[in-house]
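The numbers here are math on the coordinates, done by the rules we state, and not lab data. Bear in mind that the values here come from a model prediction, so they are computed numbers and not experimental data. Glycine also receives a Cβ, built like all others from the backbone with ideal geometry; neighbour counts cover every protein chain displayed.
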Amino acid sequence: MDTHAGLHSQAILTINAGSSSIKFSLFLVPQLNQIIAGQIDGIGGEARIKVKLASKNTDETIILPNGSRPQNHREALSFLIDWLHQFAKDVDVIAVGHRVVHGGQKYSAPTLITDAVMKDLDALMVLAPLHEPHNLAGIRATQESFGGIPQIACFDTAFHRTHKFVDDCYAIPRYFYEQGVCRYGFHGLSYEYITDRLIHLFPKDARKKVIIAHLGNGASMTALHHGDSVASTMGFSSLDGLPMGTRCGEIDPGVLLYMMQHEGMDATEIARVLYQESGLKGLSGGLSNDMRILENCDLPEAKEAIDYYVKEVKREIGALTALMAGLDVVVFTGGIGENSAVIRGRVLREMAWIGIDLDEARNLDGEVIISSDSSRVLCLKIHTDEERVIAKHTLELSDNRVVKNKVSNI
Ligand code: ADP
């Protein structure tokens, strides 16, 4: 495969290991041109690698041969690394950046991974048992395959460590907070990317009162003032806040007690329902977790799932606006936020009272500015790129490490 990278180019590999898929990208240094973006999914079943090459701008799907079907993340990663060695043999990977969902209260910035950091991250697994183990398996696999090159952890929670105590605590006995039971907020890498884009594209507005709606399969919203996260809809886990593809969003804890006491469900069953059977999928009566399918379906369950989704997005815009005592900019991003003119249109039309004047044509055309020139609140649609944020931090931190090593060698 021709990566158009040139002989012996150096690159940063980014790894985003989720529950059943692993996203990866290669970025050439120092400009960080992305030459390969891909995903290995179907781990444990019929695994596939989907790749997009910058040189071709087409998607290619490679079904793995029978003998090489990875059964778990470790096998999938070692397969991926072998595949990269084979298909991008003109590229030397000089550092690996990892998306790590949870950095707890301690990690508020990307971090060079050492044995001590791994020990901390192992201890944090209890806070994100469905995500963190996959992230850490990714780190261990690349440590084994790439030897001593720098590995950098980029945390989804780090962006939100600017919150005040009252924006992060729950009104339960205080010792839980001391144990780490508090609001963390997630999707931080996406928020960081969008904040950087805002500063670049709209420098006069970027530091005002901003809400970013990351509406993908997972979804959350964050309020920012002066470029810092003030509050986020996601809380202790990635279940809270907005309804998602299959996750429930905000829910009365009494419902969980009901599931336990009256349905006899244990923690594993409840977790399965809340993470995999709820959200758009659950509300649409199992029709789909995919907004595209629901938008094109006439059944009342599909319509009600969308109605609930729109209602919750509006409700959270209202709540976050109240916390900031104002609103100047709303940004939509993520798979739904970037592609669904229907959802953006409904939310913004129904929030006209807050000073939003939607430009219907701009919204339908998917322009960056989707509000009218006279709208008091600036409404935007911006593509997010979490992988690029990881690559940027990985380059910065691995460069620092090289400099530090040089200094300590003198
Ligand atoms: P993830 O959170 O897994 O990164 P994405 O941000 O890629 O997910 O979002 C995926 C979701 O975006 C899909 O499940 C689908 O619901 C939604 N989506 C993608 N394209 C469209 C579209 N054209 N219209 C409506 N929804 C879309």
For region 75-86, Karplus couplings with θ = phi - 60° (6.51, -1.76, 1.60), whole Hz, Gly/Pro x = 5, 5, 5, 5, 5, 4, 5, 4, 4, 5, 4, 7
Once both labels are modelled 7 Å past Cα along the beta-carbon direction, what's the ILE293-HIS262 spacing in nm?
-> 2.9
With the charge dipole of the chain built from beta-carbon charges (+1 for Lys and Arg, -1 for Asp and Glu) about the Cα centre, the Cα from ALA76, ILE382, GLN151 projecting farthest to the positive end belongs to GLN151
For every helix of n ≥ 4 consecutive DSSP H residues, a contribution of -39,500 (n - 2.57) applies; sum these over the chain, divide by its total residues, and give [θ] at 222 nm rounded to the nearest 500 deg cm²/dmol.
-> -12000 deg cm²/dmol
Hey, which lysines would be in cross-link range of LYS106, C-alpha to C-alpha under 30 Å, not counting anything within fewer than 8 residues on its own chain?
-> LYS23, LYS119, LYS164, LYS208, LYS209, LYS392, LYS404, LYS406
Report, to the nearest 10°, how far helix 267-276 tilts away from the longest principal axis of the Cα atoms in the chain, using its own Cα long axis and a range of 0 to 90°.
-> 80
Can you tell me the 0 to 90 degree angle between the C-alpha axis of helix 341-350 and the longest principal axis of the chain, rounded to 10?
-> 40
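Expected output is a single nm value to one decimal: the length gained when fully extending between LYS106 and ILE354, i.e. 0.36 nm times separation in residues minus the C-alpha distance. What is it?
My answer for the length gained is 85.6 nm.
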Note, ³J(HN,Hα) from phi for region 354-361, Karplus 6.51, -1.76, 1.60, rounded to Hz, x at Gly and Pro | 8, x, 9, 10, 6, 9, 4, 5
How much length is gained on full extension from ILE270 to GLN31, taking 0.36 nm per residue of separation minus their Cα-Cα distance?
-> 81.4 nm
Long-range amide H contacts for CYS379: which residues qualify at under 5 Å (H placed 1.01 Å from N, peptide plane, sequence gap of 5 or more or a different chain)?
-> VAL330, ILE370, SER371
Calculate the spin-label point distance for ALA54 paired with ALA171, positioning each point 7 Å from the Cα along the beta-carbon direction, and give it in nanometres.
-> 5.1
Rounded to 5, percent antiparallel among DSSP beta bridges of the chain | 65
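Taking GluC sites (Glu not before Pro) that fall in a DSSP loop and have at most 16 other Cβ atoms within 10 Å as cut points, what is the longest piece of the chain between them?
Values: sites that count: GLU46, GLU250, GLU263, GLU277, GLU367.
Segment 47-249 is the longest.
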Around CYS248, which amide H atoms from residues at least 5 apart in sequence, or from another chain, sit under 5 Å from its own amide H, with H modelled in the peptide plane?
-> GLY279
Which Cα, out of GLN31, HIS134, TYR308, lies furthest along the positive dipole direction of the chain (beta carbon charges, K/R +1, D/E -1)?
-> GLN31
Per the chain, sqrt(5λ) over the Cα gyration tensor eigenvalues, sorted largest first, in Å, gives 34, 25, 24
By a straight-distance test (C-alpha under 20 Å), which aspartates and glutamates pair with LYS56 as possible cross-link partners, with residues fewer than eight away in the same chain excluded?
-> ASP2, ASP90, ASP385, GLU387
Nonlocal amide H pairs with SER9, under 5 Å, H built at 1.01 Å | ASP92
